[in-house]
1. Just one of (1) more than 19 Å from the chain's Cα centre (by Cα); (2) among the hydrophobic types (A, V, I, L, M, F, W, C); (3) within 27 Å of G153 (Cβ to Cβ) trips up A226, so point out which.
2. Could you run through region 161-199 and say how many residues are hydroxyl-bearing (S, T, Y), within 16 Å of the chain's Cα centre (by Cα) and assigned to a loop (DSSP other than H, G, I, E, B)?
3. Given the residues R41, R65, R32, which is the only one that is among the basic types (K, R), within 19 Å of C299 (Cα to Cα) and either modelled with pLDDT of 95 or more or assigned to a helix (DSSP H, G or I) (or both)?
4. So which of A148, A82, A158, A127 is under 16 Å from the mean Cα position of the chain (by Cα) and under 30 Å from P17 (Cα atoms)?
5. In region 154-181, which residues are hydroxyl-bearing (S, T, Y) and within 25 Å of Y264 (Cα to Cα)?
6. Taking the condition of being within 28 Å of A310 (Cβ to Cβ), touching a residue at least 24 places away in the same chain (Cβ under 8 Å) and over 17 Å from the mean Cα position of the chain (by Cα), how many residues in region 11-44 meet it?
7. Tally up the residues in region 1-29 that are acidic (D, E) and not in a helix (DSSP H, G or I), please.
8. Considering each of A226, A212, A234, A248 in turn, give the residue that is touching a Phe, Trp or Tyr at 6+ places or on another chain (Cβ under 7 Å) and either surrounded by fewer than 21 Cβ atoms within 10 Å (Cβ to Cβ) or closer than 29 Å to M120 by Cα (or both).
Amino acid sequence: MTTALLTHSDGLLHVTPSGMPEQVARLDYIQRALADLNLLRVDPPLADDASIALCHPQAYIDFARSKVPTDGFSGLDRETDAETFLSPTSYNAIWRAAGGAVKAVDMVLDDEAQNAFVAMRPPGHHAEQSLPMGFCIFGNVAIAAKHALEVRGLSRVAVVDFDVHHGNGTQALLQDDPRALVVTSQQMPLWPGTGLASDRGPHQTVLNLPLAPGTDGAHAIAEYEAKVLPALHAHQPELILISAGFDAHQDDPLAQLNWSVDTYTQLTDMLTNAAQTLCKGRVVSVLEGGYDLDALAACARAHVQSLIKAA
């Protein structure tokens, strides 16, 4: 089979204020980095409210829709930070980011692709049930996980989040469902300040891996081998979803981990190999962070090349 790439020019229309690290150029750099790769290229659809409502109440969906401005910028933050904005052309980007994650699950489960990468923005792993934060409006990967469980009828899924920031939103959206294993590695201490190893969730289906500032990719790989692989094998997921943030790279301006491009190759290989054993190689990866543009492009390309190799 093949690797699907779900991306769209609408993702370039979610404009953020000048100086924000979550910017249009992020997707532009990724799209150009992947342009020459042999991928099944698919336009991500707009998510319907029913899909988004698998994780977010309708009142919140309506709130997000109502906040799209006619001009300028609209801030969405609710006493959390000052970094989550909408512009007049944000709507399609936001709804395609969620819709692309759902479509990728359907493609992989229907054997239209072995695995998939959803290259859309804004990211999603900080968005909680009714709380936008950290550049995120909807929990794209959590919505995809819930779609796999509730709509496609899978018995168990796993989400692995290797963004440098804790996937607090994904944990909040999925931790009450024992069918979903949530693994998230993050630098600690670092915003948003959550993700202690002792926080296992109400069903012991959350695995947090705090990583100390200054540690490198070899340390992370060892942690994944010692803790993440056993957790995946114990859970026996029928689909592995990846929250693919590339901001643990040593050049990223928002954190202090020392990962290299090769770290992402090794992590992706590790997860695709586990998927071959556990779930017929079924992997859906969804873009999260990464704010040094050159490092983001290089790491995303390496990640997708690993997915192609596994397809």
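The values are calculated or read from the model by the stated rules, or taken from the named source; none is laboratory data. Because the structure is predicted, anything quoted here is derived from the model rather than measured. Every residue, glycine among them, receives a Cβ derived from its backbone with ideal geometry; neighbour counts consider all protein chains shown.
1. In the conditions (1) more than 19 Å from the chain's Cα centre (by Cα); (2) among the hydrophobic types (A, V, I, L, M, F, W, C); (3) within 27 Å of G153 (Cβ to Cβ), A226 misses (3) alone.
2. Number satisfying all stated conditions: 0.
3. Values: R41 fails: within 19 Å of C299 (Cα to Cα); R65 fails: within 19 Å of C299 (Cα to Cα).
Just one listed residue meets the conditions, R32.
4. A127
5. First, pick out the residues of region 154-181 that are hydroxyl-bearing (S, T, Y): 155, 170.
If the condition is that a residue be hydroxyl-bearing (S, T, Y) and within 25 Å of Y264 (Cα to Cα), then T170 is the only one that fits.
6. Residues flagged as within 28 Å of A310 (Cβ to Cβ), touching a residue at least 24 places away in the same chain (Cβ under 8 Å) and over 17 Å from the mean Cα position of the chain (by Cα) within region 11-44 amount to 11.
7. From region 1-29, those acidic (D, E) are 10, 22, 28; that's our starting set.
Pick out the ones that are also not in a helix (DSSP H, G or I) and you get 22.
Summing the residues that are acidic (D, E) and not in a helix (DSSP H, G or I) in region 1-29 gives 1.
8. Numbers: A226 fails: touching a Phe, Trp or Tyr at 6+ places or on another chain (Cβ under 7 Å); A212 fails: touching a Phe, Trp or Tyr at 6+ places or on another chain (Cβ under 7 Å); A234 fails: touching a Phe, Trp or Tyr at 6+ places or on another chain (Cβ under 7 Å).
Just one listed residue meets the conditions, A248.
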